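A single structure is presented below for examination.
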């Protein structure tokens, strides 16, 4: 089914004193792909900045900006309307021998590297290895993600953006980005390329066309099975017409919605508000 969805994402910082200037990057513009048509999008920033837009190495749209005047608050609003059509996944499927071919491993080396941030530890990597000895890659993904869902509970506020996957696994609690980091690391441990996807998910419970819903940023992953195949560990589903893609990367550090530096002003306080509306 095809859905048209409008997303309004407000974010920014407030400062106790005026900052002298700031340099920032925004990754809040939905991606254009064969499954997702960006009908319109815009980024509004206050105070008025100098702006440069580009697509980064991973394929994410970036709005980089600089503010050179004093300010005590930074406001960024991304407004976009997308048309999402996600047919059932039809990846050709791939064998372990094909996954281990040098041409493929060289091409996808960044999505095979088990960094400290996504390394889930010996227990889960060992489990994934045992599954992989008996199952094909796609079946291994399903088993590993299922094990993660059994162990890691969704607990808002249990972690922060720098929490390591092994700490999430040991604690058995985290949020969507944590479950994705744990899964990515476990799949990479057995040689399955996996990448982080940032975006939005329309809240469930039968959204009414034209009725705005409070929402949040969301994360899921894609693994290589002859083509990139999506899976949402948090919701135990494949991404559907209510998933809106924004960014791709190795992990969360490649796709934060807003990050930057500033001079003066003391400690900053961030705010975030997301609203999604189904239009059809």
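Of the residues 235, 206, 280, only one is in a loop (DSSP other than H, G, I, E, B) and free of Cβ contacts under 8 Å to residues at least 24 places away in the same chain; which?
Result of the check over 235, 206, 280: 206.
Yes or no: residue 163 modelled with pLDDT of 95 or more, closer than 26 Å to residue 11 by Cβ, in a loop (DSSP other than H, G, I, E, B) and more than 14 Å from the chain's Cα centre (by Cα)?
Yes.
Looking for something assigned to a strand (DSSP E or B) and free of Cβ contacts under 8 Å to residues at least 40 places away in the same chain - is there at least one such residue anywhere in segment 21-40?
no
Within segment 74-103, work out how many residues are at pLDDT 95 or above and in contact with a strand residue (DSSP E or B) (Cβ under 8 Å, 6 or more places away or on another chain).
The qualifying residues number 12.
While we're here: Report yes if residue 119 is surrounded by fewer than 24 Cβ atoms within 10 Å (Cβ to Cβ) and touching a helix residue (DSSP H, G or I) at 6+ places or on another chain (Cβ under 6 Å), otherwise no.
Taking the combined requirement at face value, the residue satisfies it.
Right, here's the next one. Could you please let me know if residue 113 is over 20 Å from residue 217 (Cα atoms), in contact (Cβ under 8 Å) with a residue 40 or more places away in the chain and in a helix (DSSP H, G or I)?
no
Quick one: is residue 178 farther than 19 Å from residue 223 by Cβ and in a helix (DSSP H, G or I)?
no
When you check residue 260 against the structure, is it surrounded by 23 or more Cβ atoms within 10 Å (Cβ to Cβ) and either in contact (Cβ under 8 Å) with a residue 24 or more places away in the chain or assigned by TED's automatic domain parsing to the domain that holds residue 62 (or both), yes or no?
For residue 260, the condition - surrounded by 23 or more Cβ atoms within 10 Å (Cβ to Cβ) and either in contact (Cβ under 8 Å) with a residue 24 or more places away in the chain or assigned by TED's automatic domain parsing to the domain that holds residue 62 (or both) - is not met.
Could you tell me whether segment 146-154 includes any residue that is outside any helix (DSSP H, G or I), crowded, with 22+ Cβ neighbours inside 10 Å, in the same structural domain as residue 239 (by TED's automatic domain parsing) and within 16 Å of the chain's Cα centre (by Cα)?
No: segment 146-154 contains no residue that is outside any helix (DSSP H, G or I), crowded, with 22+ Cβ neighbours inside 10 Å, in the same structural domain as residue 239 (by TED's automatic domain parsing) and within 16 Å of the chain's Cα centre (by Cα).
Can you tell me which residue in segment 182-209 is surrounded by the most Cβ atoms within 10 Å (Cβ to Cβ), limited to those that are modelled with pLDDT of 95 or more and within 20 Å of residue 83 (Cα to Cα)?
Checked segment 182-209; the qualifying residue surrounded by the most Cβ atoms within 10 Å (Cβ to Cβ) is 198.
List the strands (runs of 3 or more DSSP E) that sit entirely inside segment 47-106 and contain at least 2 residues that are surrounded by 15 or more Cβ atoms within 10 Å (Cβ to Cβ) and in the same structural domain as residue 9 (by TED's automatic domain parsing).
Fully inside segment 47-106 and qualifying: 61-67, 71-85.
Under 6 Å between Cβ atoms, which residue pairs at least 6 apart in sequence (or on different chains) link something in segment 153-169 that is more than 16 Å from residue 218 (Cβ to Cβ) with a partner that is assigned to a helix (DSSP H, G or I)?
165/181; 165/182; 165/185; 168/178; 168/182; 169/124; 169/182
Of the residues 128, 139, 173, 135, which is touching a residue at least 12 places away in the same chain (Cβ under 8 Å), more than 21 Å from the chain's Cα centre (by Cα) and over 30 Å from residue 62 (Cβ atoms)?
Result of the check over 128, 139, 173, 135: 128.
The values are calculated or read from the model by the stated rules, or taken from the named source; none is laboratory data. Keep in mind it's a predicted model, so treat the numbers as computed, not measured. So basically every Cβ, Gly included, is an ideal-geometry build from the backbone, and we count neighbours across all protein chains shown.
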